[in-house]
1. Quickly run through the range 71-98 and pick out the residues that are farther than 23 Å from THR55 by Cα and open to solvent by 60 Å² or more (accessible area, probe 1.4 Å).
2. Out of (1) in contact (Cβ under 8 Å) with a residue 24 or more places away in the chain; (2) under 30 Å from the mean Cα position of the chain (by Cα), what's the single condition that is false for ILE89?
Amino acid sequence: MTTQKTTTRSGTSARKTATKKTATKKTATKKGPAKKSAAKKRAGKGAARKTSAKTTAQKKVKKVMHERKAGTLRSGKSGKKVTSRKQAIAIGLSEARKAGAKVPKKKT
């Protein structure tokens, strides 16, 4: 009888080890490389446009134009409301010059 007990124990332990091995094999499977998106494929071929970073002058003029559109842009000491598009651009370029941006000279 002692021989039967040992055989049944070894049989069950053999089954447990077999299931453990298969379980580790299933979890250890490698995934293939991720597929590239369509945008990345186009960018690699040079089809996508490159955008340059905005300069300080461009940012200043954009901000001033938004203020003008909202009606909050004021000029000089008098503080009158700016309604002219050209004047708004001139104010933006002036602010950019004061900030140290590279802006063309004033036209007289």
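1. Of everything in the range 71-98, those that are farther than 23 Å from THR55 by Cα and open to solvent by 60 Å² or more (accessible area, probe 1.4 Å) turn out to be THR72, ARG74, GLY76, LYS77, SER78, LYS80, LYS81, THR83.
2. Tallying (1) in contact (Cβ under 8 Å) with a residue 24 or more places away in the chain; (2) under 30 Å from the mean Cα position of the chain (by Cα), ILE89 fails exactly one: (2).
The values are calculated or read from the model by the stated rules, or taken from the named source; none is laboratory data. Because the structure is predicted, anything quoted here is derived from the model rather than measured. Methodologically, a virtual Cβ is constructed for each residue, glycine included, from the backbone with ideal geometry; neighbour enumeration extends over all protein chains shown. Keep in mind that these areas ignore ligands, DNA and RNA; they rest on the heavy atoms of the full protein, side chains included. Shrake-Rupley method; radii C 1.70, N 1.55, O 1.52, S 1.80 Å.
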